[in-house]
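One structure is given below, encoded as structure tokens.
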Amino acid sequence: MKTAYNHWATLTQEIKDSGLWKTERVITTPQGAKIDTDKNSGLINMCANNYLGLSNNDEIKAAAKAGIDRWGYGLSSVRFICGTQELHKNLEAKLSEFLGTEDTILYSSCYDANGGLFETILTADDAIISDELNHASIIDGVRLCKAKRYKYKNNNMEELENCLKDAQESGCRIKAIVTDGVFSMDGTIANLVAVCDLADKYDAIVIVDDSHGVGVIGDGLRGAHEHCGVIERIDVLTGTLGKALGGSSGGYTSGKKAIIDILRQRSRTYLFSNSLSPIIASASLTVLDMISNSNDLSTCLKENTAYFRKGLKEIGYDIIDGTHPIVPIMTYDEIASQKLAEKMLEKNVYVIGFFFPVVQRGKARVRTQVSAAHTKEQLDYVLNAFKEAKQELGI
Ligand SMILES: *Cc1c(COP(=O)(O)O)cnc(C)c1O
């Protein structure tokens, strides 16, 4: 055997021995509040990012089909060669309008949006100041960039200010603060008012990845910047079309025109990767219409979230407080998180335990996610199952 394969065999065994080997459940239905897998049927799904329940929505599917009929299946090109249709320009304009920004550029994913952002707009003369809980795609995007790096404790404004001071004293030219809008493991929201205040004080720009915020929070579902009342103060927003906004795939970077213009010229994940499929672009336009024209989904999601959070507390679970549909149930112990998830699966509720390295050691949890697609009966069923699981496991 070649040396390389010996190495990977050892690595595989190490992961398995530590109990961290992940297996994928195979779903045999469309995504939804209730799903089947190849092993279980009729599972209530509490772990999708399907916040608005649009993953299998009839109107959205019709828009996707209409998109394919009118614009074809794919572009076989990157945007700047022959991959830009009116559809893409329309979606970029509509996203800008929805988010309250000057301009928007589409990517194949938010991972790519973050991957193509930092090195394009910052150099070794600059500084990036990043929240410790930021998403992997931000971390990787930052790795590609030569700017000086700072990291601050989650939502800790004192540490953020210290980093800004240091960057200023070190003579860094551009100072860029980057944070998730909603922290995906905790369901907590970045303190964007304080972040923007500090950015003003130290002449920094603010970059927010709002993948779990857009379509989820804010009166108009615009996201964390709307929720915090700082729509005009954010320089760059990145986000995904793969969560609340339809759940297929695709991402974007939106914000000040001066920045978007440069990304269109220089961002490598944009220039060297294919155009978003017309199927997704067409459906996304309908998603934005749908949530701009009616509050029904928003109201339903907010009611379901409040109901579920209250229910879990009444049962006596230790949850991270907040208003977001991400509701982490803390077990702290690694094994306990696995046991609780397994017990819930026996009761036909699909949840996932998260533990190191996805979250810090000793901070294991079962992360639940509420959707507008859940009925009250389904949420009651889930709450009752959690109540039984608590008694049966003695937690
Ligand atoms: C999900 C997520 C991403 C990745 O989005 P994709 O479009 O699936 O690549 C990026 N950032 C954050 C904060 C996310 O939660």
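FYI, it's all coordinate maths here, none of it is from the lab. Every value quoted in this text rests on a predicted model; they were computed, and no experiment measured them. Neighbour counts are summed over all protein chains in view; Cβ atoms, including those assigned to glycine, are modelled from backbone coordinates with ideal geometry.
Of note:
- Helices (runs of 4 or more DSSP H) wholly inside the stretch 61-122 containing at least 1 residues that are away from the ligand (no atom under 16 Å from the Cβ): 79-82, 86-99, 118-121
- Looking only at the stretch 123-136, residues that are assigned to a loop (DSSP other than H, G, I, E, B) and near the ligand (Cβ under 10 Å from one of its atoms) come to 3 in all.
- All positions within the stretch 268-282 that are touching a helix residue (DSSP H, G or I) at 6+ places or on another chain (Cβ under 9 Å) and more than 15 Å from the ligand (Cβ to nearest atom): Arg268, Leu271, Ser275, Pro278, Ile279, Ser282
- Filtering the stretch 228-245 to residues that are under 16 Å from the mean Cα position of the chain (by Cα) and either among the aliphatic types (A, V, I, L, M) or away from the ligand (no atom under 11 Å from the Cβ) (or both) leaves Val236, Leu237, Leu241, Ala244, Leu245.
- Index of the failed condition, Thr299 passing every other in (1) in contact with a strand residue (DSSP E or B) (Cβ under 7 Å, 6 or more places away or on another chain); (2) hydroxyl-bearing (Ser, Thr, Tyr); (3) without any contact (Cβ under 8 Å) to a residue 24 or more places away in the chain: (1)
- Positions within the stretch 83-118 being over 23 Å from Val230 (Cβ atoms), surrounded by 19 or more Cβ atoms within 10 Å (Cβ to Cβ) and among the acidic types (Asp, Glu), in sequence order: Asp112
- Ala224 crowded, with 22+ Cβ neighbours inside 10 Å and away from the ligand (no atom under 15 Å from the Cβ): no
- The residues of the stretch 314-333 that are free of Cβ contacts under 8 Å to residues at least 40 places away in the same chain and either under 21 Å from Lys243 (Cβ atoms) or out of contact with any Asp or Glu (no Cβ under 9 Å at 6 or more places or on another chain) (or both), listed by number, are Glu314, Asp318, Ile319, Asp321, Asp333.
- Some residue of the stretch 20-32 being crowded, with 16+ Cβ neighbours inside 10 Å, in contact with a helix residue (DSSP H, G or I) (Cβ under 6 Å, 6 or more places away or on another chain), touching a residue at least 40 places away in the same chain (Cβ under 8 Å) and within 13 Å of Ala373 (Cα to Cα): no
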